[in-house]
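See structure below.
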Amino acid sequence: MALRISLHKIRPSYILKPRGKNLKFVYYLRCALRNWIPQWWLQHHKTALLHSLEHRADKDYILDRVNYYNKLTHTSPITGKHFLADIPNEGSTYNRDTFEITRYFEPTLKIDTLFGDNTQIGTTPSIVKSRPILGENQNDVVLNLDKVRHFTFLKDKRSFASKRDMAIFRGATFQTHRQRFMKMYFGHPLVDCANTAHKSDLPAEWNKPLITLYDHLHYKFIICLEGNDVASNLKWVMSSNSIAIMPKPKYETWFMEGRLKAGVHYIEIKDDFSDLEEKIQYYSQHIDEAETILQNAHKFVRQFFDKPREELIAILVMQKYFKLTGQNTHS
């Protein structure tokens with residue numbers, strides 16, 4: 001009987017995702033299975049998705065997101081160095097995630113890419129994971145890339161009010177702004193922060209081992225600091241019952257970080273982090289305001305849960321890309 005009770009109390013999410021992160025072997029299995037899907041089925045599925053658009057109640061929403069990711073408005077040339085056939089369903093997650101969408105199109109079509117943690121605006125229309133939010137960024141066309149790492153969501157059973165009145169940060173502190181944050185708040189009574197990637201030129205006392213995503217959920221607030229580009233923890237934090245605290249984001253991905261509003265979806269702090277303590281104390285005492293931010297964050301996150309719609313949006317993004325780079329496609 002005791003065994004049955006203990007098993008009953010184990011949450012399914014802890015079994016399926018014991019550290020909270022997406023399981024890479026599941027991701028690679030799904031990628032491998034794509035190789036067995038016949039081309040005729042892909043074309044049938046793509047045609048059905050595109051034809052469904054006219055009758056969807058969320059058509060305007062879909063087209064708005066398509067035009068957000070792909071801001072091209074007139075025909076622009078590309079280098080033409082890469083055919084779709086050059087993007088294999090193997091190697092990097094960028095290849096695999098691009099292939100997931102480009103397999104619906106003719107392999108003779110051409111594409112420019114800026115894979116990796118992209119912080120620059122391309123000189124030609126290019127497929128990217130991330131781009132700067134500000135500036136004339138229309139050449140950077142966003143797809144949901146490296147999503148096994150970045151698109152993680154959690155089920156959090158703890159209420160916000162029951163959590164510790166503190167903020168937590170765990171992350172590699174290679175970047176100057178993260179090191180500045182650690183210097184300011186390491187050992188602070190309201191901030192549990194640590195460096196998870198040991199560097200010999202940083203204080204050894206900053207170093208702590210990795211913890212699970214679930215371990216973060218004991219705290220009311222989770223610090224989301226951009227690294228090379230976006231803050232990779234932001235998606236799962238906003239799906240939890242803890243609140244993201246961060247400076248205004250400078251980069252964006254498929255998650256549309258540029259549409260997040262301070263005080264609505266997250267708690268904004270200054271770029272120099274000087275008001276962090278003030279914000280922690282305020283929202284620890286104003287639970288109703290904090291709960292409103294949580295509900296708004298959850299609503300923002302839910303828009304990415306409709307997988308067929310996400311696929312349709314991505315196909316439309318690429319269809320627009322090929323059209324506005326002077327290439328013909330057959331729907």
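The values are calculated or read from the model by the stated rules, or taken from the named source; none is laboratory data. What you see is a predicted model; the values in this text were computed from it and never measured. Every residue, glycine among them, receives a Cβ derived from its backbone with ideal geometry; neighbour counts consider all protein chains shown. With ligands, DNA and RNA removed, areas are computed over all heavy atoms of the protein, side chains included. Shrake-Rupley method; radii C 1.70, N 1.55, O 1.52, S 1.80 Å.
Please go through region 89-117 and give me each residue that is in contact with a helix residue (DSSP H, G or I) (Cβ under 9 Å, 6 or more places away or on another chain), in contact (Cβ under 8 Å) with a residue 60 or more places away in the chain and assigned to a loop (DSSP other than H, G, I, E, B), ordered by number.
Within region 89-117, ARG103, TYR104, PHE105, GLU106, LEU109 qualify.
Here is a yes/no grid of residues against (1) assigned to a helix (DSSP H, G or I); (2) out of contact with any Phe, Trp or Tyr (no Cβ under 6 Å at 6 or more places or on another chain); (3) open to solvent by less than 60 Å² (accessible area, probe 1.4 Å):
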site	(1), (2), (3)
ASP272	no, yes, no
THR292	yes, yes, no
HIS298	yes, yes, yes
PRO308	yes, yes, no
GLU311	yes, yes, yes
TYR321	yes, yes, yes
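Name the residues in region 274-290 that are among the hydrophobic types (A, V, I, L, M, F, W, C) and either closer than 24 Å to LYS250 by Cα or part of a loop (DSSP other than H, G, I, E, B) (or both), would you?
Of everything in region 274-290, those that are among the hydrophobic types (A, V, I, L, M, F, W, C) and either closer than 24 Å to LYS250 by Cα or part of a loop (DSSP other than H, G, I, E, B) (or both) turn out to be LEU276, ILE280, ALA290.
Can you pull out the residues in region 239-287 that are farther than 13 Å from ILE223 by Cβ and among the hydrophobic types (A, V, I, L, M, F, W, C)?
Scanning region 239-287 gives TRP254, PHE255, MET256, LEU260, ALA262, VAL264, ILE287.
Kindly provide the set of residues from region 149-187 that are closer than 23 Å to LEU316 by Cβ and of a type in the set (A, V, I, L, M, F, W, C), ordered by number.
Once the filter is applied, which keeps residues that are closer than 23 Å to LEU316 by Cβ and of a type in the set (A, V, I, L, M, F, W, C), region 149-187 yields only PHE151.
Applying the selection to region 175-196, what residues are open to solvent by less than 60 Å² (accessible area, probe 1.4 Å), closer than 13 Å to ILE280 by Cβ and assigned to a loop (DSSP other than H, G, I, E, B)?
Scanning region 175-196 gives HIS188, LEU190.
Filter region 64-88 down to the residues that are aliphatic (A, V, I, L, M) and either open to solvent by 60 Å² or more (accessible area, probe 1.4 Å) or free of Cβ contacts under 8 Å to residues at least 40 places away in the same chain (or both) and list them by number.
LEU84, ALA85, ILE87
Take region 2-44 and flag every residue that is in a helix (DSSP H, G or I), modelled with pLDDT of 60 or more and either over 26 Å from the mean Cα position of the chain (by Cα) or hydrophobic (A, V, I, L, M, F, W, C) (or both).
Within region 2-44, PHE25, VAL26, LEU29, CYS31, ALA32, LEU33, GLN39, TRP40, TRP41, LEU42, GLN43, HIS44 meet the criteria.
Being farther than 19 Å from ASN22 by Cα and without any contact (Cβ under 8 Å) to a residue 40 or more places away in the chain narrows it down to one residue among ALA244, ALA197, ALA167, ALA231; which is it?
ALA197
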